[in-house]
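Input: a single structure, listed below in structure tokens.
The values are calculated or read from the model by the stated rules, or taken from the named source; none is laboratory data. On a predicted model such as this, the values are computed, not experimentally measured, just so you know. Reconstructed Cβ throughout: ideal geometry from the backbone, glycine too, with neighbour counts over all protein chains shown. Note: areas computed on protein heavy atoms with side chains; ligands, DNA, RNA excluded. Shrake-Rupley method; radii C 1.70, N 1.55, O 1.52, S 1.80 Å.
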Amino acid sequence: MRIIAHVDMDAFFAAVEQRDNPELKGKPVIVGGQGPRGVVSTCSYEARKFKVRSAMPMAQAKKLCPHGIFLPGNMKRYQEVSREVFEVLNRFTPIVEVASVDEAFLDLTGATHFYNSLEELGEALQAEIKKETSLTASVGIAPNKFLAKLASDWRKPQGLTIIRPEEVAEFLKTLPLEKLWGVGPVTCRTLKQYGFNTAGDLASVPLERLEAILGKKTGKVLWELAQGHDPRPVEVEREAKSMGQEQTFQVDLSAAEVKAPLAQLAGKVGRRLRKEGLAASTITLKARYSDFKTVTRSRSFSTPIYDDDTIFQVAWEMLKELPTAKKYRLVGVTASNLVSKRQLSLFAEPCQDDLLATLDKLKAKYGNQVVVRGREIGG
Ligand code: TTP
Ligand code: MG
């Protein structure tokens, strides 16, 4: 049997702010976009008493908690602290999967014999994180990832919840469907129409019944989860470290002629980022001149990006800064220092996101040429 832990930092962005500025300790701190359409990224537990929540419009948070301390957030800082946390986790096992900026899975199967009990192991994780970063974490320990994540969420902040194999059925019996991995609002509504309300309800019918309602694939996955089964391994490097696209030209091109292909490359990189739900803190331009000399230029941002326009603008500016008389054999655009987009609600632009999603869908269905932006054909 495997022993999997899920570690989730408490009120992460807000806790970092409170740690870096002790005057904020014990106060309702709300981190999020400050613009008219800004949303709450997260808030301290003091602010949660006023019913402020992640993803809530900032204006609403201000009404609920007028005396709160509202901060714009500093992604670069949170990523630094995040790395400190992951370093601590790596002392317990090399099998650490970074699930988000403040969340990780650990396969501790081989580490348990150093401890007298799973409680002791969980407490050691929390204590070591606290000692090194002065931050608190909630920890869940269970036989698989699905259950470990449920467990870390069970009691927050500073919770430690252990689900032993013999406790799994009891734990799932009353678990609302929404908590099952991959159950979105649509699936949830469908299942409720058939009278299912909890994981226990799903577990109590034959597999074929769920396959008939949800299709073979989804039906099986959910039925297995409802039994408390989750075979997924802890994957050490789940996220790509970078994603890039490059193009070699039939004939060498001038800077002006490179503009259109560069825009197409930026669009491809943007689309891949969005498909994976990622955003890039760094964009790198690669250029090979007609004499085969190759140069790269990089630019980093504190607000990670994922839209074609910005990726293109950044790459194009870097290209314009290269010596003007050069001709190009090849150009490439690479996105790196990737973060998951969920961490970015701080900066989200809903309208732009809707447009991008629609364009991505069209291109996936009808091919890259279905919608072409002016600059991609030299406009
Ligand atoms: P969470 O772990 O979901 O939230 P949290 O750590 O702030 O609070 P807790 O775990 O104690 O409930 O997310 C981690 C960070 O990701 C969070 O600090 C801010 C960011 N985040 C967003 O930017 N937008 C969101 O909608 C959510 C849920 C999180
Ligand atoms: Mg958290």
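Some notes on this structure:
- Region 124-226 - charge dipole about Cα centre, Lys and Arg +1 at Cβ, Asp and Glu -1, debye rounded to 20: 240 debye
- As a calculated quantity, the FRET efficiency between ALA325 and LYS216 at R0 = 51 Å, using C-beta atoms, amounts to about 0.25.
- The trypsin sites (Lys or Arg not before Pro) of region 28-74 that meet both conditions, a loop assignment by DSSP and at most 16 other Cβ atoms within 10 Å of the site Cβ, are ARG37, LYS49, LYS51, ARG53.
- CYS188 accessible area, assembled protein chains, probe 1.4 Å, Å²: 10 Å²
- Interchain or long-range residues, amide H under 5 Å from ARG91's placed H: none
- Sequence-distant contacts, meaning Cα pairs under 8 Å at least 6 residues apart, place the relative contact order of region 242-377 at 37 percent.
- The relative contact order of the chain comes to 16 percent, based on Cα pairs under 8 Å that sit 6 or more residues apart.
- Of the listed residues VAL333, VAL205, the order by accessible area with a 1.4 Å probe, largest first, is VAL205, VAL333.
- Applying 1/(1 + (r/R0)^6) with r as the Cβ-Cβ distance of LYS62 and SER242 and R0 = 41 angstrom yields a FRET efficiency of 0.60.
- Estimated 222 nm signal from helices in the chain, with DSSP H stretches of n ≥ 4 weighted -39500 (n - 2.57), rounded to 500: -12000 deg cm²/dmol
- PHE292 accessible area, 1.4 Å probe, all protein chains in place, Å² to nearest 10: 120 Å²
- Extreme residue, positive dipole direction of region 200-331, given options TRP316, LEU207, GLY244 (C-beta unit charges): TRP316
- Charge context of VAL221, other residues only, Cβ under 11 angstrom, K/R +1, D/E -1: +1
- Candidates ALA55, SER44, PHE13 compared by Cα position along the dipole of region 12-75: farthest toward the positive end lies ALA55, with charges placed on Cβ.
- Normalised contact order of region 197-303, rounded percent, pairs of Cα under 8 Å and 6 or more residues apart: 15 percent
- Ranking by accessible area, most exposed first, for THR358, THR133 with a 1.4 Å probe: THR358, THR133
- Summing Cβ point charges (Lys, Arg +1; Asp, Glu -1) relative to the Cα centre of region 78-169 gives a dipole of roughly 100 debye.
- Share, in percent, of DSSP beta bridges within region 23-129 that are antiparallel, nearest 5: 75 percent
- List LYS293, LYS326, ordered by accessible area with a 1.4 Å probe, largest first: LYS293, LYS326
- Too-long pairs where the Cα-Cα distance tops 28 Å, listed order kept, from LYS76/LYS275; LYS25/LYS156; LYS275/LYS327: LYS275/LYS327
- Solvent exposure of region 269-327 as accessible area per residue, Å², 1.4 Å probe: 48 Å²
- Of the whole protein surface, LEU355 contributes about 90 Å² of accessible area at a 1.4 Å probe radius.
- Cα centroid separation - region 38-103 against region 108-171, whole Å: 20 Å
- Placing a label point 7 Å from the Cα of GLU167 along the Cα-to-Cβ direction, the residues of region 105-148 whose backbone N falls under 15 Å from that point are 117-123, 139-144, 147-148.
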